């Protein structure tokens with residue numbers, strides 16, 4: 001979720017249709033074929049689709065900055081698209097016993113996401129500030145993707161669990177960072 005960052009200032013807040021925003025929407029829509037590939041246990045197709053989703057995640061930010069098309073919508077759309085893909089995949093993994101993925105992680109991830117999202121909305125509605133993601137939050141998302149990949153590949157025990165626990169720690173720390181930032185923004189006014 002968003003945090004204040006001067007490097008990602010909004011250069012054109014009124015634009016809606018930009019290449020970056022379209023890439024974020026594409027990433028969200030990739031969720032359906034990704035889940036279908038998982039359902040069929042088509043690991044190679046899953047890996048290709050996940051690679052495309054990851055590429056769109058990097059490219060949307062790159063194009064937004066390069067073309068000076070950073071938008072308010074894009075700052076919310078990007079993490080929302082990430083959340084749709086990641087939470088859908090985590091839920092699918094957790095509900096299908098074949099993947100041996102712990103359900104607690106889905107609950108934890110969902111609660112963290114909702115808490116940060118609600119806090120971000122509250123900050124934006126009460127303080128004149130633009131928010132963007134923090135560096136540790138981005139690392140936590142990347143490690144979440146790595147943990148998912150390790151569980152999907154199946155033959156990497158116990159490393160899948162180690163990475164999942166490390167990811168959990170990163171998610172907790174980055175979540176605390178978001179709340180500290182939000183607290184400071186709210187009490188600075």
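The values are calculated or read from the model by the stated rules, or taken from the named source; none is laboratory data. Worth saying up front: this structure is predicted, and the values here are computed from it rather than measured. So basically every Cβ, Gly included, is an ideal-geometry build from the backbone, and we count neighbours across all protein chains shown.
Pick out the one residue from 129, 124, 163, 176 that is modelled with pLDDT of 95 or more and either closer than 13 Å to residue 79 by Cα or surrounded by fewer than 19 Cβ atoms within 10 Å (Cβ to Cβ) (or both). It would help to see each step written out before you state the result.
Working: 129 fails: modelled with pLDDT of 95 or more; 124 fails: modelled with pLDDT of 95 or more; 163 fails: either closer than 13 Å to residue 79 by Cα or surrounded by fewer than 19 Cβ atoms within 10 Å (Cβ to Cβ) (or both).
Exactly one residue qualifies, and that residue is 176.
Quick check on the range 59-72. Is at least one of its residues at pLDDT below 90 and touching a strand residue (DSSP E or B) at 6+ places or on another chain (Cβ under 8 Å)?
No, because not a single residue in the range 59-72 is at pLDDT below 90 and touching a strand residue (DSSP E or B) at 6+ places or on another chain (Cβ under 8 Å).
Restrict the check to the range 35-42 and report whether at least one residue is assigned to a loop (DSSP other than H, G, I, E, B) and either under 14 Å from the mean Cα position of the chain (by Cα) or within 21 Å of residue 134 (Cα to Cα) (or both). Before you say what the answer is, go through the steps one by one.
Quick first cut of the range 35-42, residues assigned to a loop (DSSP other than H, G, I, E, B) only: 40-42.
From what's left, either under 14 Å from the mean Cα position of the chain (by Cα) or within 21 Å of residue 134 (Cα to Cα) (or both): none.
Checked against the condition, which is being assigned to a loop (DSSP other than H, G, I, E, B) and either under 14 Å from the mean Cα position of the chain (by Cα) or within 21 Å of residue 134 (Cα to Cα) (or both), the range 35-42 yields no hits at all.
Any residue at all in the range 60-72 that's assigned to a helix (DSSP H, G or I), touching a residue at least 60 places away in the same chain (Cβ under 8 Å) and within 30 Å of residue 14 (Cα to Cα)?
Within the range 60-72, the subset assigned to a helix (DSSP H, G or I) is 60-66, 72.
Narrowing further to those that are touching a residue at least 60 places away in the same chain (Cβ under 8 Å): 72.
Checking the rest, the ones that are also within 30 Å of residue 14 (Cα to Cα) come to 72.
Checking the range 60-72: at least one residue is assigned to a helix (DSSP H, G or I), touching a residue at least 60 places away in the same chain (Cβ under 8 Å) and within 30 Å of residue 14 (Cα to Cα).
Quick check, is residue 43 closer than 16 Å to residue 148 by Cα, at pLDDT 85 or above and surrounded by 15 or more Cβ atoms within 10 Å (Cβ to Cβ)?
Working: closer than 16 Å to residue 148 by Cα: yes; at pLDDT 85 or above: yes; surrounded by 15 or more Cβ atoms within 10 Å (Cβ to Cβ): no.
Against the criterion (closer than 16 Å to residue 148 by Cα, at pLDDT 85 or above and surrounded by 15 or more Cβ atoms within 10 Å (Cβ to Cβ)), residue 43 does not qualify.
Which condition breaks for residue 110 when tested against (1) more than 22 Å from residue 46 (Cα to Cα); (2) touching a residue at least 40 places away in the same chain (Cβ under 8 Å); (3) touching a helix residue (DSSP H, G or I) at 6+ places or on another chain (Cβ under 7 Å)?
Result: residue 110 passes all but (2).
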